[in-house]
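Colleague: Quick one: the structure is below, questions incoming.
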């Protein structure tokens, strides 16, 4: 069972930058619009309430989530409030990482 995730930001909550994460889906609760993703021992709760429901989430599949992170997940832990989710099974993560690195070099982005 995926822990319940509180409602989205309150109006007085400062905005957070948009991030993109690719992790393996380890838990999903459609009724609660919540998921848990994990990669290399790191995990994060995901609020999928704002993600269109046409993509059925499959446990153990690799997913890319785009959204904002805040500290309002279960037990005050970080929570990714996803706006976009897509299954990326079959994606070569090393090659994807190299492509992002080259893109960032081209755009002169630090990180």
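The values are calculated or read from the model by the stated rules, or taken from the named source; none is laboratory data. Quantities reported herein were computed from a predicted structural model and do not represent experimental measurements. Neighbour counts are summed over all protein chains in view; Cβ atoms, including those assigned to glycine, are modelled from backbone coordinates with ideal geometry.
Colleague: List the number of the failed condition for residue 91; all other conditions in (1) over 15 Å from residue 34 (Cα atoms); (2) assigned to a strand (DSSP E or B) hold.
Modeller: (2)
Colleague: Between 59, 19, which is in contact with a strand residue (DSSP E or B) (Cβ under 7 Å, 6 or more places away or on another chain), at pLDDT 85 or above and either closer than 25 Å to residue 97 by Cα or surrounded by 15 or more Cβ atoms within 10 Å (Cβ to Cβ) (or both)?
Modeller: Numbers: 19 fails: at pLDDT 85 or above.
Result: 59 is the single residue among 59, 19 that is in contact with a strand residue (DSSP E or B) (Cβ under 7 Å, 6 or more places away or on another chain), at pLDDT 85 or above and either closer than 25 Å to residue 97 by Cα or surrounded by 15 or more Cβ atoms within 10 Å (Cβ to Cβ) (or both).
Colleague: Here is a further query. Find all pairs meeting these conditions: Cβ atoms under 8 angstrom apart; at least six residues apart or on different chains; first residue within region 20-47 and at positive phi and touching a residue at least 24 places away in the same chain (Cβ under 8 Å); second residue crowded, with 20+ Cβ neighbours inside 10 Å and assigned to a strand (DSSP E or B).
Modeller: Hits for this filter: 33/47.
Colleague: Another one. Condition test on residue 53, is it out of contact with any strand residue (DSSP E or B) (no Cβ under 7 Å at 6 or more places or on another chain) and modelled with pLDDT of 80 or more?
Modeller: Details: out of contact with any strand residue (DSSP E or B) (no Cβ under 7 Å at 6 or more places or on another chain): yes; modelled with pLDDT of 80 or more: no.
So residue 53 does not fit the description; no.
Colleague: Next up: Could you pull out the residue among 48, 2 that is surrounded by 13 or more Cβ atoms within 10 Å (Cβ to Cβ) and at pLDDT 90 or above? So that I can check it myself, show each step before the final result.
Modeller: On the way: 2 fails: at pLDDT 90 or above.
None of the other options fit; the residue is 48.
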